[in-house]
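The values are calculated or read from the model by the stated rules, or taken from the named source; none is laboratory data. Because the structure is predicted, anything quoted here is derived from the model rather than measured. Don't worry about glycine lacking a Cβ; one is built from the backbone with ideal geometry, like all the others, and counts go over all protein chains shown. Accessible surface areas use protein heavy atoms only, side chains included; no ligands, DNA or RNA. Shrake-Rupley method; radii C 1.70, N 1.55, O 1.52, S 1.80 Å.
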Amino acid sequence: MKKLNFGCGKVIKKGWINVDIQKYPDIDKSFDFEKFPYPFENDTFDYVLADNVFEHLNNLNLVLRELHRICKDGAKIRIIVPYYNCKGAYNDVTHVHFFNETTFYNLINPSYSVNKNKPLFEIDHLYLKPTRFGKIFPNFIRKYVSYILGEIYSEIVVDLIVKK
């Protein structure tokens, strides 16, 4: 299984291809994620982890399209981003996008994306990670409380399945 740690920063994973825009020690490839194509062959990866990367990128449709190209059919892409009404989404001035539970449904919808013909991905799993404060609310009302209070969820974890 070939795995890509996309936007790894200083978190180097053994047995993975670790890539980032920075040139830290032990990074396998450094390149700008906003310049296409990425330096990988088509259908290379079975799994991609993008942990707190997407909020820094401008054109998410093109990034997803490029990840689709370098992934095999059926590959999983796990994306972790800060939840829009948590202070973690706004405390970094390099964040250019904010995400809620419907963002990824819109992002992979063919009518919004680069590929208008068919979906390139399906959502396998979408999880809203509660903050310590959010955990005091029972799961069945947590979502509704988040509409009026911030700091209920800290991040979104979404698993996309590549469709070719």
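Hey, can you tell me all the residues within segment 113-162 that are among the charged types (D, E, K, R) and either over 19 Å from the mean Cα position of the chain (by Cα) or in a helix (DSSP H, G or I) (or both)?
Looking only at segment 113-162, we keep the residues that are among the charged types (D, E, K, R), and these are 116, 118, 122, 124, 129, 132, 135, 142-143, 151, 155, 159.
Result: 116, 118, 132, 135, 142, 143, 151.
Counting just the residues of segment 29-49 that are open to solvent by less than 50 Å² (accessible area, probe 1.4 Å) and aromatic (Phe, Trp, Tyr), which one comes out farthest from residue 74 (Cα to Cα)? It comes out as 31. Is it the case, given these coordinates, that residue 66 is on the phi > 0 side of the Ramachandran plot and surrounded by 14 or more Cβ atoms within 10 Å (Cβ to Cβ)? Spelling it out, it is not the case that residue 66 is on the phi > 0 side of the Ramachandran plot and surrounded by 14 or more Cβ atoms within 10 Å (Cβ to Cβ). Do we have any residue at all in segment 91-114 that's surrounded by 13 or more Cβ atoms within 10 Å (Cβ to Cβ) and in contact (Cβ under 8 Å) with a residue 60 or more places away in the chain? Within segment 91-114 (the criterion being surrounded by 13 or more Cβ atoms within 10 Å (Cβ to Cβ) and in contact (Cβ under 8 Å) with a residue 60 or more places away in the chain), the answer is no, since none of the residues qualifies. Among the residues of segment 136-164, those that are open to solvent by 20 Å² or more (accessible area, probe 1.4 Å) and of a type in the set (Ser, Thr, Tyr) comprise 144, 147, 154. Just wondering, is there one or more residues in segment 4-23 that are touching a residue at least 12 places away in the same chain (Cβ under 8 Å), at positive phi and among the charged types (D, E, K, R)? Looking through segment 4-23, none of the residues is touching a residue at least 12 places away in the same chain (Cβ under 8 Å), at positive phi and among the charged types (D, E, K, R).
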